[in-house]
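All remarks here apply to the structure that follows.
The values are calculated or read from the model by the stated rules, or taken from the named source; none is laboratory data. All of these numbers come straight from a predicted model, not from anything done at the bench. FYI the Cβ positions are ideal-geometry reconstructions off the backbone, even for glycines, and counts take in every protein chain you see. Surface areas here come from the heavy atoms of the whole protein model, side chains and all, with no ligands, DNA or RNA. Shrake-Rupley method; radii C 1.70, N 1.55, O 1.52, S 1.80 Å.
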Amino acid sequence: MSRAATTDSPYLPVRDDWLARRSETILEPDLPIVDPHHHLWDRPRWRYMFEDLLADMNSGHKIVATVFLQCRAFYRAQGREEMKPLGETEFVNGVAAMSASGRYGAARVCAGIVGHADLRLGPRVEEVLAAHIRAGGERFRGIRHITAWDADPALLNPAYPVPPGLLGDAAFREGFARLAPLGLSFDAWLYHPQIGELTALARAFPETRIILNHVGGPLGIGAYAGQREEVFGHWRAAIRDLATAPNVFVKLGGMGMRINGFGFNEQAEPPSSEHLAAAWRPYVETCIERFGAGHCMFESNFPVDKGSYSYAVGWNAFKRLAANASATEKAALFSGTASQVYRLD
């Protein structure tokens, strides 16, 4: 059993006893799923490693492959600062090799790896990117450089201090320009007021594949508390504009975090998949309508979202949201788009 985040963490604490109080029949258990966004880490008071992910994956849904997203796991303790994130890629590639042995089931865990490189290095980041590609073997797919920022300090993650306007920074863009020539994509994690900055970046670099994480981070706490409808209006307008950039894809999920303000974790009982689907429907349907199923993919964002619901219930909610999709659309949403974007065999 994994140790869980405590209340002093920017993430919601995981309460396994609370989650266990909700059990549901697995919907469409034979539908293949590629989970394109999860983490692995061993932090003080919070451990989520290969065996913990496997336990969640084995809760009934048919997970056929996963993609690991950077999270500062197992950085190198020594060496040049810009090279320390290579430790994460080395670690994850080892987990992927364990999974590929078949001894832990048929699913290909960490079949794709997204790491971190400081794109503010400009042209010098190319050395770091090349090292990631070597360390990840045939699995390294791209970079995530978190740019989430807001004027409200309560919304900032101290583990990822970033200045405002980073996506438009000249040095950052010089580094960003090195991704496409190496066949690498960019995962974007930001808050909804910043989506316009990502749209400008996508238009400036139309050859670079960009994946928007967590439907663009609609905020619901701090300065945005009690403004759900106003925030949704701003978010929807920004999403519609972003969707005009053909090189952008979007992950549908990541709405179980504290910053979204849904308060699932504050309920006496863990939420049902019906409850989750009802809360998420406006965001998911807007994204699918504007981007199309071929540019959308459901994601778990585990273990971060585990503070709000279990893996089994979360994927049930996604299946409820896709209930009216055609077979072709459903295949794209649950596995096809992720396989294409992250070039999984």
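Tell me which helices (runs of 4 or more DSSP H) are completely within the range 269-345 and hold 1 or more residues being under 26 Å from I210 (Cα atoms) and among the acidic types (D, E), or say none if there are none.
Details: elements: 273-291, 311-321, 327-331, 337-341.
Once the helices (runs of 4 or more DSSP H) in the range 269-345 are filtered for at least 1 residues that are under 26 Å from I210 (Cα atoms) and among the acidic types (D, E), what remains is 273-291, 327-331.
Out of the residues in the range 110-143 that are β-branched (V, I, T), open to solvent by less than 10 Å² (accessible area, probe 1.4 Å) and over 15 Å from the mean Cα position of the chain (by Cα), which is nearest to L344 (Cα to Cα)?
Once the filter is applied, the top-ranked residue is V128.
Being out of contact with any Leu (no Cβ under 8 Å at 6 or more places or on another chain) and more than 21 Å from W149 (Cα to Cα) is the filter here; which residues of the range 206-228 pass it?
P206, E207, R209
In the range 171-183, what count of residues is obtained for those that are in contact with a helix residue (DSSP H, G or I) (Cβ under 8 Å, 6 or more places away or on another chain) and open to solvent by 10 Å² or more (accessible area, probe 1.4 Å)? Quick ask: steps written out before the conclusion?
Restricting attention to the range 171-183, the residues satisfying the condition of being in contact with a helix residue (DSSP H, G or I) (Cβ under 8 Å, 6 or more places away or on another chain) are 171-176, 178-179, 182.
Next, from what is left, pick out any that are open to solvent by 10 Å² or more (accessible area, probe 1.4 Å): 171, 173-174, 178, 182.
Number of matching residues: 5.
I'd like to know if the range 259-279 contains one or more residues that are crowded, with 18+ Cβ neighbours inside 10 Å, under 24 Å from W189 (Cβ atoms), among the aromatic types (F, W, Y) and touching a strand residue (DSSP E or B) at 6+ places or on another chain (Cβ under 7 Å).
no
Output the number of the condition that R43 fails; it satisfies all remaining conditions of (1) open to solvent by less than 50 Å² (accessible area, probe 1.4 Å); (2) modelled with pLDDT of 95 or more; (3) not hydroxyl-bearing (S, T, Y).
The failed condition is (2).
Taking the criterion of being out of contact with any helix residue (DSSP H, G or I) (no Cβ under 6 Å at 6 or more places or on another chain) and closer than 22 Å to N213 by Cα, would at least one residue in the range 77-84 satisfy it? Reasoning before the result, please.
First, pick out the residues of the range 77-84 that are out of contact with any helix residue (DSSP H, G or I) (no Cβ under 6 Å at 6 or more places or on another chain): 77-81, 83-84.
If we keep only those that are closer than 22 Å to N213 by Cα too, we end up with none.
Checked the range 77-84: no residue is out of contact with any helix residue (DSSP H, G or I) (no Cβ under 6 Å at 6 or more places or on another chain) and closer than 22 Å to N213 by Cα.
Please go through the range 280-293 and give me each residue that is free of Cβ contacts under 8 Å to residues at least 12 places away in the same chain and buried (at least 21 other Cβ atoms within 10 Å of the Cβ), ordered by number.
Taking the range 280-293 and keeping what is free of Cβ contacts under 8 Å to residues at least 12 places away in the same chain, we get 289, 292.
Hits for the range 280-293: nothing passes.
Read through the list (1) under 21 Å from the mean Cα position of the chain (by Cα); (2) on the phi > 0 side of the Ramachandran plot; (3) surrounded by fewer than 16 Cβ atoms within 10 Å (Cβ to Cβ), then give the number of the only condition that G105 fails.
(1)
Checking T244 against (1) in a helix (DSSP H, G or I); (2) farther than 18 Å from L321 by Cβ, which test does it fail?
Here T244 clears every test but (1).
Conditions tested, residue by residue: (1) more than 21 Å from V313 (Cα to Cα); (2) among the charged types (D, E, K, R).
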{"site": "T244", "(1), (2)": "yes, no"}
{"site": "K251", "(1), (2)": "no, yes"}
{"site": "I259", "(1), (2)": "no, no"}
{"site": "G263", "(1), (2)": "no, no"}
{"site": "E266", "(1), (2)": "no, yes"}
{"site": "E269", "(1), (2)": "no, yes"}
{"site": "W280", "(1), (2)": "no, no"}
{"site": "T286", "(1), (2)": "yes, no"}
